[in-house]
Amino acid sequence: MARSGVIATLVAILAFSIAPCSAQPLRALADARDLYIGAAVSIPALDSPEYAALLVQQYNVVVAENAFKWNNIHPAPDTYNFAEADRLVALARSAGMAVRGHTLIWDQDAPAWLDLPGVTQQQAITAMRSHIYRVVGRYRGQIAAWDVVNEAIDDATMAPRTNSVWYRLIGPDYIAMAFRFAHEADPEAVLYYNDTRTEDLGPKSDAVFELVSGLLAEGVPVHGVGWQMHVENGFRTTVDHRANAARLAALGLELTITELDVRILLPASEAALEVQAETYANVMEFCLDEASCRGVLTWGFTDRFSWIPTFIPGWGAGLPFDENYRPKPAYEALRDRLLNG
Ligand code: XIL
């Protein structure tokens, strides 16, 4: 990157002289617990000094909300656009933050230019391989963990989606191939399977368990499972979440809570924000208790930039900071658990 971009961001951060939160930040507390605490980043929002300052101040890991996704980073067969991803990686490096890579293969983000009549299995495999080699290779050694495959299980059938472009063009082996290519591109990288609504026991998490067990049995390099955890206010982990984490840990896999947000039916009352704080405390406590849990990332950190109101109309206010970057009770709850949990 764009060294000048990093410098501009750092200057902006310095210019934002009033520290948003004076108490010990989340990242210091998380470092002391050997845990990742992170947030998804909207790259255009980094232009806001408040946004960038708070991010760097509070978090020890970042993930791009969209910048690493196929259609952003590789919009046409011969066009790669690394500017936004580079910007985040450079900022993270300068601020001592780790980076999660999200995501290499996601059905919802498959390249339309591949899904054309007459495309052969071999062409699809070649496209996948060159994408993964190029993207993972570029950031080799700089990404703490990759979400190699995202949301491959179909909620309707509770089995790998057969209507996925990748499944249709390559067949069920596309998942194993993606992990193998990522491993070849960066043999040190920690490779995750990431999915949604797969946290407690049930057919979806059984399907994920079966998938990763099968991959491991075939010698495929998979090292972790990501639980997205886009949950509703009042959510609590249960014995089922413990049991699910335990069976994944028994396979030798690590776990990360990758996309937490706790949505509230709007407008959010003060009482709802207190309930939300308890949900955040509960999830953090869960991660602290589970030896395999490497950390918690939220999908954004300020309610000013969150996918929820757009994707789930009527809901929002799901993150630890409000729209004006002020800490919410959820933030205090995270701090409290990291200090005392
Ligand atoms: C979402 C982003 O937040 C949106 O900005 C984008 O338009 C669509 O994707 N699960 C995932 C994320 O794995 O990549 C999704 O992110 C949210 C659900």
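Taken together, the values in this text are just the output of simple stated rules run on the coordinates, not laboratory data. It should be emphasised that the depicted structure is a prediction, and the values quoted were computed from it without experimental measurement. Every residue, glycine as well, gets a Cβ built from its backbone with ideal geometry; the counts of neighbours run over all protein chains shown.
Structure summary
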| quantity | calculated |
| --- | --- |
| Cα-based shape type of segment 71-163, given that a ≥ b ≥ c are square roots of the gyration tensor eigenvalues and the cut on a/c is 1.5 | oblate |
| Cα centroid separation, segment 23-73 to segment 156-232 (Å) | 25 |
| Surrounding net charge for residue 293, when Lys and Arg each add one and Asp and Glu each subtract one, Cβ distance under 13 Å | -2 |
| Selection of GluC sites (Glu not before Pro), segment 101-193, meeting DSSP coil and at most 11 other Cβ within 10 Å | 188 |
| Angle between the chain longest axis and helix 49-58 axis [Cα atoms, degrees, rounded to 10] | 80 |
| Estimated 222 nm signal from helices in the chain, with DSSP H stretches of n ≥ 4 weighted -39500 (n - 2.57), rounded to 500 | -13000 deg cm²/dmol |
| Vicinal HN-Hα couplings computed from phi for segment 106-122 (Karplus, 6.51 cos²θ - 1.76 cosθ + 1.60; Hz; Gly/Pro x) | 9, 3, 5, 10, 5, x, 5, 5, 8, 8, 10, x, x, 5, 8, 4, 5 |
| Cα-centred dipole magnitude for segment 102-173, charges only on beta-carbon of K, R (+1) and D, E (-1), debye, nearest 20 | 440 |
| Dipole magnitude of segment 254-329 about its Cα centre (Cβ charges: Lys, Arg +1; Asp, Glu -1), debye to nearest 20 | 260 |
| In degrees, nearest ten, helix 270-289 long axis to first principal axis of the chain (Cα) | 60 |
| Whether the chain is rounded, prolate or oblate, judged on the alpha carbon gyration tensor where a/c under 1.5 counts as rounded | oblate |
| Alpha carbon convex hull of segment 255-313, volume per residue in cubic angstrom | 78 |
| Size of electric dipole in the chain: Cβ of Lys, Arg +1 and of Asp, Glu -1, about Cα centre, debye, nearest 20 | 780 |
| For peptides 210-219, 24-33, sequence by mean Cβ density within 10 Å, most packed first | 24-33, 210-219 |
| Relative contact order of segment 182-341, defined on C-alpha pairs under 8 angstrom at six or more residues apart (%) | 20 |
| Under 14 Å, Cβ to Cβ, from residue 317 - net charge with Lys/Arg +1 and Asp/Glu -1 | -3 |
| Protection proxy ranking, peptides 73-83, 93-103, 257-267, 133-143, average beta carbon neighbours within 10 Å, highest first | 257-267, 93-103, 133-143, 73-83 |
